[in-house]
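Report on the following structure.
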Amino acid sequence: MTKLIAGNWKMNGSLAANQALVQAMLEGLQGIEPKAEMALCAPSLYLAQMQSLLTGSAIAWGAQDVSAQEQGAFTGEISAAMLKDFACRYAIVGHSERRQYHAESDAAVASKAQRALAAGVTPIVCVGETLAERDANQTEAVVKRQLAAVIHAVAHCTSEIVVAYEPVWAIGTGKTATPEMAQAVHAVLRKQISAATQHPERVKILYGGSMNAANAASLLAQPDIDGGLIGGASLKAADFLQIVAAAQL
Ligand code: PGA
């Protein structure tokens, strides 16, 4: 399947910096037919800017979170319908930084995925174990539990989600899972998805966690790694484009 390389800018950027970064990416893509799909997930405040910079380009855009509520008295929240209003194709849900700093439960993440799908926005559902969980041999149980909550909530729409395996200990640390370690978990997730939908071939499973220009090719060469969710390296146009170039069909 076509791979997806999605940038997660996290809480970085400004009007000027975003414009320069996107422009550098679009210039770098000129005359190139990338083999991968691309997306950039920006802070929500900048989604209007992303829409104006990226409309008509090969790069889609998305948000880094979405409300579990549909609308109403939820101060500070942003609904899936609002994301759709700005033509977001994706919304990351359940990123470990949100699970950790905002105490998002599996149930809340599942509701967010459901809201996104209902509004026509593809959720990028993040799962991943902490170092303590890996050391306690709980990796498989943790990622399966996190994904099961989403599958249970979205039911027949399971084939429309994107999954991102992001081992928490690899995020922003420079410690990448080896391609073999990542592949082993991806195979578990693939099996779980295959049991839940008649169209498992539609579901991309991305790897995230210190993926960069140097290690992308070996990770993306694994049979069950269908792309990457890129944090730090998505803030540099050249690095992001090198990862895109490393994604073969
Ligand atoms: P990183 O972040 O690439 O900076 O490790 C990945 C992510 O958190 O999505």
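The values are calculated or read from the model by the stated rules, or taken from the named source; none is laboratory data. Since the model is a prediction, treat every value here as computed from it, not as a measurement. Reconstructed Cβ throughout: ideal geometry from the backbone, glycine too, with neighbour counts over all protein chains shown. Just so you know, the surface numbers come from the protein's heavy atoms only, side chains and all, with ligands and any DNA or RNA stripped out. Shrake-Rupley method; radii C 1.70, N 1.55, O 1.52, S 1.80 Å.
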- prompt: Counting only residues that are surrounded by fewer than 19 Cβ atoms within 10 Å (Cβ to Cβ) and either modelled with pLDDT of 95 or more or away from the ligand (no atom under 16 Å from the Cβ) (or both), how many does the stretch 156-172 have?
  reply: 4
query: Right, residue 24: within 16 Å of the ligand (Cβ to nearest atom), modelled with pLDDT of 95 or more and open to solvent by less than 50 Å² (accessible area, probe 1.4 Å) or not?
result: no
- request: Would you tally the residues in the stretch 1-26 being of a type in the set (Gly, Ala, Ser) and in a helix (DSSP H, G or I)?
  value: 4
- prompt: Residues of the stretch 28-41 being part of a loop (DSSP other than H, G, I, E, B), open to solvent by less than 50 Å² (accessible area, probe 1.4 Å) and not hydrophobic (A, V, I, L, M, F, W, C), which ones?
  reply: 34
- prompt: What are the residues in the stretch 135-155 that are over 16 Å from residue 206 (Cβ atoms) and open to solvent by less than 60 Å² (accessible area, probe 1.4 Å), if any?
  reply: 136, 139, 142, 148, 149, 151, 153, 154, 155
- line: Here the residues within the stretch 197-222 that are open to solvent by 40 Å² or more (accessible area, probe 1.4 Å), closer than 19 Å to residue 159 by Cβ and more than 17 Å from the chain's Cα centre (by Cα) are 198, 199, 201
- request: Mind listing whichever residues of the stretch 1-24 are farther than 17 Å from residue 47 by Cα, touching a strand residue (DSSP E or B) at 6+ places or on another chain (Cβ under 8 Å) and not β-branched (Val, Ile, Thr)?
  value: 3, 4
- prompt: How about the stretch 192-215: which of its residues are within 15 Å of the ligand (Cβ to nearest atom), out of contact with any Leu (no Cβ under 7 Å at 6 or more places or on another chain), more than 17 Å from residue 32 (Cβ to Cβ) and hydrophobic (A, V, I, L, M, F, W, C)?
  reply: 214
query: Going by the structure shown, is residue 191 at pLDDT below 95 and open to solvent by 30 Å² or more (accessible area, probe 1.4 Å)?
result: no
- prompt: Of the numbered conditions (1) of a type outside the set (Gly, Ala, Ser); (2) farther than 23 Å from residue 41 by Cα; (3) touching a Phe, Trp or Tyr at 6+ places or on another chain (Cβ under 6 Å), residue 140 satisfies every one except a single condition; which is it?
  reply: (3)
- prompt: Residues 103, 87: which one is modelled with pLDDT of 95 or more, open to solvent by 60 Å² or more (accessible area, probe 1.4 Å), more than 16 Å from the ligand (Cβ to nearest atom) and among the hydrophobic types (A, V, I, L, M, F, W, C)?
  reply: 103
query: Counting only residues that are within 15 Å of the ligand (Cβ to nearest atom) and in contact with a Pro (Cβ under 8 Å, 6 or more places away or on another chain), how many does the stretch 216-246 have?
result: 3
